[in-house]
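What follows is a short report on a single structure.
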Amino acid sequence: MDGGIVDSRAPKLAMDSGACGYLTVDLAALCRNYDKLSAIVAPAKTAAVVKADSYGLGASQVSKALYARGCRSFFVAHFIEALRLRPQLPSDATIFVLNGLLPGNEATCADGGIVPVINSLDQLQQWSQTARSLQRRLPAVLQFDTGMSRLGIPPEDRSAVVAHLRTSDDIDILFIMSHLASADEADSRQNGDQLTEMSRVAAEFPQYDVSFANSGGIFLGGDFHGVLARPGIALYGGAPTGGVANPMEAVVRLEVAVVQTRTVPEGARVGYGGVHVTKGQTRLATIAAGYADGLPRSLSDRGAVYYNGVRLPIVGRVSMDSTTIDITTLPEGALSFGSMVEVLGDHQTLDDLARDAGLISYEILTSLGHRFHRQYR
Ligand SMILES: *Cc1c(COP(=O)(O)O)cnc(C)c1O
């Protein structure tokens, strides 16, 4: 693996990996982001949300780096992710499954020492039954719905959960949790509403600690921190809060190779559907990444890439494997076959690209393709 620093100023010809670009994940920046969030929530602890392959960046590499930094709690969404991650981490790392278990997964989960997040009374009863049949106590987290109506035990089932826990001691509840729906909007009334509801839950289950904040929640103040914060996007450099400067460090760089350049006259049609028509003589470059690589098709005729800090607009539709950019503003010959352009880096953040694409940073990250040469620094 090439561990070297990628310099977009140096035109590069064929890459020995055969890849069409470099996706660089800066694990040191990731760890600094972890430290920053940890300092904000201390003395509460900070977990890492590593679902969806750590938002596309590689759950194994990311989790190992964060473990080395002191993180011991890792959240995935699906049980299969927990099964894959479990052998990658030492046994004192705990892996939690946010979506809980599907019927039939209980024994494998218990065997693997994986902790399910229990989202309903049914799941609690099922997990208790597994514990009884294995004749040992099993760990779990209880998630409560405090107003998102997505996952978690609904208010009307809370008393039944209290009753269940009073009569059976086969589940070891590690903590209780809930998830914020609008944490990235600091002014949203929903945050206060959910906090109030979570206080009610905590009063009904006073024996347990609380986990509440995702990335955005960490920045809403100490009331939201509980004992364990669960950041995802902020670790990976995405802005945790909308409308303010992003306090996190960029973790991902993406550079893509130019595979062809050309000069076309005024009136030339560019790309599928011919939706872009040149207004004058234009120099174009085609780069080796398209929507199959995670450059959203909604960037067609909008957004840009950068070369030496110069903005090069995307023209025409984004194709599956390639995208055309207008390089007319660059000096002739500055960019050529084999040059690398910046898609994500010093001049264009994740949130910039997401905004231009009409998407959120989470979608950009989780769509980053697998045809790039991935390097971890
Ligand atoms: C995805 C997720 C998180 C992390 O959210 P970010 O906004 O990426 O910080 C935390 N908790 C739950 C329940 C989640 O589903």
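Structure summary
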item: First in segment 354-370 and free of Cβ contacts under 8 Å to residues at least 60 places away in the same chain, second anywhere and of a type in the set (Lys, Arg) and surrounded by fewer than 16 Cβ atoms within 10 Å (Cβ to Cβ), Cβ under 9 Å, 6 or more apart; result: Asp356/Arg302
item: Strands (runs of 3 or more DSSP E) within segment 261-357 that include 3 or more residues under 26 Å from the mean Cα position of the chain (by Cα); result: 304-307, 340-344
item: Options Arg132, Arg150: the member that is among the basic types (Lys, Arg), open to solvent by 30 Å² or more (accessible area, probe 1.4 Å) and within 16 Å of the ligand (Cβ to nearest atom); result: Arg150
item: Close pairs (6 angstrom Cβ cut-off, 6 or more residues apart or separate chains): among the hydroxyl-bearing types (Ser, Thr, Tyr) and modelled with pLDDT of 95 or more in segment 288-299, in a helix (DSSP H, G or I) and surrounded by fewer than 19 Cβ atoms within 10 Å (Cβ to Cβ) anywhere; result: Tyr291/Arg297
item: In segment 194-224, the residues that are within 16 Å of the ligand (Cβ to nearest atom), assigned to a helix (DSSP H, G or I) and among the acidic types (Asp, Glu); result: Glu197
item: Residues of segment 81-103 satisfying the condition of being open to solvent by 30 Å² or more (accessible area, probe 1.4 Å) and within 16 Å of the ligand (Cβ to nearest atom); result: Glu81, Thr94, Asn99
item: Test: residue in segment 180-193 that is touching a residue at least 24 places away in the same chain (Cβ under 8 Å), away from the ligand (no atom under 16 Å from the Cβ), surrounded by fewer than 17 Cβ atoms within 10 Å (Cβ to Cβ) and not in a loop (DSSP other than H, G, I, E, B); result: yes
item: Residue within segment 161-179 that is part of a helix (DSSP H, G or I), touching a residue at least 12 places away in the same chain (Cβ under 8 Å) and open to solvent by 60 Å² or more (accessible area, probe 1.4 Å) present; result: no
item: Residue match in segment 16-34 (condition: of a type in the set (S, T, N, Q), outside any helix (DSSP H, G or I), open to solvent by 40 Å² or more (accessible area, probe 1.4 Å) and modelled with pLDDT under 95); result: yes
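The values are calculated or read from the model by the stated rules, or taken from the named source; none is laboratory data. The shown structure was predicted, so the numbers you read here are calculated from the model rather than taken from an experiment. Using ideal geometry, Cβ is built from the backbone for each residue, glycine included, and neighbour counts are taken over all protein chains shown. The area values use the complete protein model at the heavy-atom level, side chains included, leaving out ligands, DNA and RNA. Shrake-Rupley method; radii C 1.70, N 1.55, O 1.52, S 1.80 Å.
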